[in-house]
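Heads up: the structure comes next, in structure tokens.
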Amino acid sequence: MKKIIPSIIWLLGLLALYWTFVVVPNERVMGPVQRIFYFHVGAALACYAACAVMLVAALLSLGNKWMRADATLKASVEVAFLFCSIVMVTGMIWGKAAWNTAFRFEPRLVSFLVLWLMLLGSNLLRTFGDQAKVKQHVAVLAVISALTVPLVVVSIKFLPQAAQLHPQVVQQQGLRDERFSQAMLLGILTMLSLQAWLIWLRSRMAFMEEQGDGTSA
Amino acid sequence: MKVLLLLLQKDMRLEFRRKETVLAMVSLALLLSVVVSFGLSSAFLNPSTTLKIFCPLVWVLFLFWSTLTVGRSIEYEFESSCLEGLLLTRAAPEIIFLAKVVHNFLLTFLVQILSVAFLELWLGIEKQIFGVEFILIIALATGAYTPLATLLATMTATARLKNVLLPLILLPLLIPTLFAAIELSTELLISGQAPWNGFWGCLLVILPLMYTLICAALFKFTVR
């Protein structure tokens with residue numbers, strides 16, 4: 001099982017790469033740079049999924065309901081930060097090609113920037129916080145951050161309409177060729193699988209470190 | 001309620017004697033408003049542009065001076081293990097937290113009023129700023145800020161790099177409050193009427209209550 005799951009994820013990844021770079025045709029307006037979309041969307045969904053795991057692990061950790069809760073929380077915060085960074089970088093690459101600027105004060109970009117800052121804060125608190133109480137502190141911060149993220153996303157939607165530049169590809173039915181949809185689905189599946197596996201792997205490591213030296217990882 | 005008032009009285013008496021937090025807040029608010037005014041004066045902005053950026057400046061400066069100084073009132077409780085002593089009494093952690101929040105709210109609210117007055121003076125704003133609605137916006141925004149700041153300051157009070165860590169973890173969480181305060185106060189200043197029944201008005205009314213309840217419930221985990 002330990003080798004089967006990574007192998008499946010590897011295969012999914014290779015299939016997603018093949019579909020993205022070989023099967024899918026060039027997009028009519030943006031050309032080859034549009035292919036970054038297939039990784040960008042998957043990374044965003046993986047980030048949100050990791051944040052959901054973070055919230056559940058934080059609540060379980062505060063309630064002392066599961067001995068691996070803190071290790072899972074640590075893992076999910078790190079993985080969410082990783083995928084959030086991927087979203088930011090791929091978004092900036094795409095933005096530079098689409099809007100000739102890497103960053104604009106635009107709802108989706110700002111909401112992900114704020115999420116990235118919250119996750120950075122959680123990681124810093126884990127490293128520099130009071131080590132005697134760091135588990136509880138990080139769990140509390142994770143709960144507040146998870147509750148604030150939807151608030152930020154909704155708030156930003158009420159900014160003036162001119163500021164809304166992020167492409168609404170799916171909502172505006174931009175994926176007319178089924179190969180585009182297939183590539184997007186493969187990208188999403190790959191990223192979500194990778195996210196789940198990374199969280200599982202990292203939480204195992206963190207739990208073993210915790211058990212090994214008797215302190216939190 | 002009696003315990004809450006006793007704890008509040010203790011904090012206010014301590015603050016009255018030491019005057020550390022309020023002096024630090026007022027000094028920082030004054031200095032930051034002067035620095036910002038110097039920076040803006042070289043841009044030679046016309047009065048209407050200055051009026052448009054006045055409210056964003058007010059709230060950005062608020063975040064800076066309040067975040068740097070709010071932690072001081074929490075550090076008192078860790079000196080000589082005062083917080084442990086309070087927790088050993090029959091006072092509920094939520095009551096201890098609320099007393100701290102009310103204390104921080106009163107200080108921050110008063111200093112924010114002063115900060116707005118300073119900025120109005122240095123930037124030469126001729127329009128009448130202070131009305132009931134503007135003060136209400138300040139009260140609500142401060143009410144949304146204080147529970148979060150108090151809880152996170154408690155968490156970082158015994159951490160390494162505590163002075164840097166608190167702004168790093170607090171400022172991203174204050175984005176909705178910042179947006180709501182800026183949008184409402186700017187609209188009030190420009191058009192004379194704040195859109196209380198719009199999204200930002202409703203958000204600014206809900207946030208203080210929401211953050212107070214959530215942070216009060218989570219406080220006991222941070223001191224356990």
Sort out which residues of segment A:86-110 are surrounded by 17 or more Cβ atoms within 10 Å (Cβ to Cβ), of a type outside the set (A, V, I, L, M, F, W, C) and more than 18 Å from A:M191 (Cα to Cα), and write them in order of number.
A:G95, A:E106, A:P107, A:R108
Cβ-Cβ under 6 Å pairs, at least 6 apart or on other chains, segment A:140-160 side at the interface with chain B (Cβ under 7 Å from one of its Cβ atoms), far side in a helix (DSSP H, G or I) and polar (S, T, N, Q)
A:V140/B:T222; A:L141/A:S122; A:V152/A:S111
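Listed residues A:V87, A:V79; which is touching a residue at least 12 places away in the same chain (Cβ under 8 Å), in contact with a His (Cβ under 8 Å, 6 or more places away or on another chain) and either farther than 19 Å from B:L170 by Cβ or not in a helix (DSSP H, G or I) (or both)? Show your work before the answer.
On the way: A:V79 fails: in contact with a His (Cβ under 8 Å, 6 or more places away or on another chain).
When all the criteria are applied, what remains is A:V87.
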Here is a check on your reading of the model: is A:G42 buried (at least 20 other Cβ atoms within 10 Å of the Cβ), out of contact with any Lys or Arg (no Cβ under 6 Å at 6 or more places or on another chain) and away from every other protein chain (no Cβ under 12 Å)?
yes
Quick one: is B:L57 within 20 Å of the chain's Cα centre (by Cα) and surrounded by 14 or more Cβ atoms within 10 Å (Cβ to Cβ)?
yes
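Based on what the data block shows, is B:L83 within 18 Å of the chain's Cα centre (by Cα), within 28 Å of B:L8 (Cα to Cα) and of a type in the set (A, V, I, L, M, F, W, C)?
No.
Here's the yes/no breakdown for (1) more than 19 Å from the chain's Cα centre (by Cα); (2) more than 11 Å from chain B (Cβ to nearest Cβ); (3) at pLDDT below 90; (4) within 26 Å of A:G13 (Cα to Cα):
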{"residue": "A:R104", "(1), (2), (3), (4)": "yes, yes, yes, no"}
{"residue": "A:L120", "(1), (2), (3), (4)": "no, no, no, no"}
{"residue": "A:F128", "(1), (2), (3), (4)": "yes, no, no, no"}
{"residue": "A:K135", "(1), (2), (3), (4)": "yes, no, no, no"}
Using the structure shown, decide if A:K96 is away from every other protein chain (no Cβ under 14 Å), without any contact (Cβ under 8 Å) to a residue 12 or more places away in the chain and over 15 Å from the mean Cα position of the chain (by Cα).
yes
Any residue that is within 18 Å of B:T142 (Cβ to Cβ) and surrounded by 15 or more Cβ atoms within 10 Å (Cβ to Cβ) - is there at least one of those in segment B:34-53?
no
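The values are calculated or read from the model by the stated rules, or taken from the named source; none is laboratory data. For clarity, every value in this text was computed on a predicted model and none was experimentally measured. Neighbour counts are summed over all protein chains in view; Cβ atoms, including those assigned to glycine, are modelled from backbone coordinates with ideal geometry.
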